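Notes follow once the structure below has been shown.
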Amino acid sequence: MKETSPVPQINVKKCTGCGLCAEVCPVFILELRAKKAAVVEALRELCNNCGHCGAVCPVGAIAQKAREEKGFSPRKGGLIDAETLQFFLRRRRSIRLYKKQPVSRETVAKIIEAGRFAPTGGNRQGVHYLVLDAPAQIAELGDMCTAFLEKGVKIAGHRYSQALLARLGSREMAASLGRYATLYRIFQERRQRGEDRLLYHAPVVILVHASRWDTSSAFNCAVALYSAALQTHALGLGTCFNGFLQVSANLSPKVKRFLGIPRGHLCYGTMTLGYPRVSFKRLVKRAPAKVKYLSA
Ligand SMILES: Cc1cc2nc3c(=O)[nH]c(=O)nc-3n(C[C@H](O)[C@H](O)[C@H](O)COP(=O)(O)O)c2cc1C
């Protein structure tokens, strides 16, 4: 928590005393006093600057520093019909075939902007984005990950490790690692032929990292990266999340150093992106959601 948290500035002349600001505040720093909104001074340090009070006020009585709503109006912006959203989500496919065409930094900025507005635990906004867009650097990263994964896959694929994992009760994990070992061997064969099945010759790679002490970091990063991915697809580009890279960034000191991920941070998600050279004509089938209501 910051020492002096920014608290909302209330214009009491404008305030109608409707109390909505106090109701939406997640940290109890607003109350009604003499039918006007007022800051609870004893709790001011709890303000996490979420901006809800100012955004909900019907008469604009709460000033927010640098409100970011250029070109926005509640009537014209920010709504999407449910069916369009559903099909947009269902149409998104992982894209592993990219054109050589570079992606401008302006486009990458738009993509990251979508991540910036994703929710974060306590509004801490601690997601860091690391972008690689130089082909030589991406190739170097690919080489480092390949070298690291090779060792890991050998261990995971070994029959002793498999037997140990299965005995420890993680049969599914053993089977999954076994499959990855097979997959990885094919990656390697393809690599000899100049095919990059790890990073897919992508023109851009993005990683998200955040403090490992923050229990929200994994979710914050995942949501931010998925939001960025959806924005990418809306811009006509494609993405593919990359677990191999994520594992390498966290478990290989060499890769972590190369990427400059600070100590105390973990990488919680990565994706490749670029202009797709494939388009999917049909939707795909997915398993039914595993849903259970706790009450009958
Ligand atoms: C956490 C995570 C890690 C992934 N890692 C990889 C990866 O390393 N390589 C890859 O080709 N695809 C990877 N994917 C993509 C999945 O294979 C893909 O999402 C899945 O097959 C479903 O296809 P769809 O994204 O087109 O719906 C990953 C996806 C997620 C969510």
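Would a scan of the stretch 125-146 turn up a residue that is in contact (Cβ under 8 Å) with a residue 60 or more places away in the chain, assigned to a helix (DSSP H, G or I) and among the acidic types (Asp, Glu)?
yes
Out of Ala228, Ala181, Ala234, Ala222, report the one residue that is of a type in the set (A, V, I, L, M) and closer than 21 Å to Lys256 by Cβ.
Within the list Ala228, Ala181, Ala234, Ala222, the selection yields Ala222.
Enumerate the helices (runs of 4 or more DSSP H) found wholly within the stretch 181-296, keeping only those where 2 or more residues are buried (at least 18 other Cβ atoms within 10 Å of the Cβ) and within 15 Å of the ligand (Cβ to nearest atom).
Of the helices (runs of 4 or more DSSP H) lying wholly inside the stretch 181-296, those with at least 2 residues that are buried (at least 18 other Cβ atoms within 10 Å of the Cβ) and within 15 Å of the ligand (Cβ to nearest atom) span 217-234, 243-251.
Among the candidates Tyr129, Tyr98, single out the residue that is in contact with a Gly (Cβ under 8 Å, 6 or more places away or on another chain), within 16 Å of the ligand (Cβ to nearest atom) and not β-branched (Val, Ile, Thr).
Step by step, each of Tyr129, Tyr98 is checked, and only Tyr98 is in contact with a Gly (Cβ under 8 Å, 6 or more places away or on another chain), within 16 Å of the ligand (Cβ to nearest atom) and not β-branched (Val, Ile, Thr).
Given (1) of a type outside the set (A, V, I, L, M, F, W, C); (2) closer than 22 Å to Asp133 by Cα; (3) touching a residue at least 60 places away in the same chain (Cβ under 8 Å), where does Pro262 come up short, assuming only one miss?
Going through (1) of a type outside the set (A, V, I, L, M, F, W, C); (2) closer than 22 Å to Asp133 by Cα; (3) touching a residue at least 60 places away in the same chain (Cβ under 8 Å) one by one, Pro262 breaks only (3).
Could we say that Leu32 is at pLDDT 95 or above and in a strand (DSSP E or B) here?
yes
Take the residues in the stretch 21-35 that are touching a Cys at 6+ places or on another chain (Cβ under 8 Å) and surrounded by fewer than 16 Cβ atoms within 10 Å (Cβ to Cβ); name whichever of them is farthest from Val59 (Cα to Cα).
Checking each candidate, the answer is Pro26.
If you check Glu172, Glu106, which single one turns out to be surrounded by fewer than 16 Cβ atoms within 10 Å (Cβ to Cβ), outside the structural domain of His209 (by TED's automatic domain parsing) and not in a loop (DSSP other than H, G, I, E, B)?
On inspection, the qualifying residue turns out to be Glu172.
So which residues in the stretch 25-55 are in contact (Cβ under 8 Å) with a residue 24 or more places away in the chain and farther than 17 Å from Pro6 by Cβ, if there are any at all?
Across the stretch 25-55, the qualifying residue is only Lys36.
With Gly54, Gly77, Gly60, Gly71 as the choices, which residue is at pLDDT below 95, away from the ligand (no atom under 16 Å from the Cβ) and crowded, with 18+ Cβ neighbours inside 10 Å?
Sole residue among the options that is at pLDDT below 95, away from the ligand (no atom under 16 Å from the Cβ) and crowded, with 18+ Cβ neighbours inside 10 Å: Gly54.
Residue check: is Val40 surrounded by 10 or more Cβ atoms within 10 Å (Cβ to Cβ) and out of contact with any Asp or Glu (no Cβ under 6 Å at 6 or more places or on another chain)?
Taking the combined requirement at face value, the residue does not satisfy it.
The values are calculated or read from the model by the stated rules, or taken from the named source; none is laboratory data. Everything numeric in this text was worked out from a predicted model, so none of it was measured. Cβ atoms come from the backbone with ideal geometry, glycine included; neighbour counts cover every protein chain shown.
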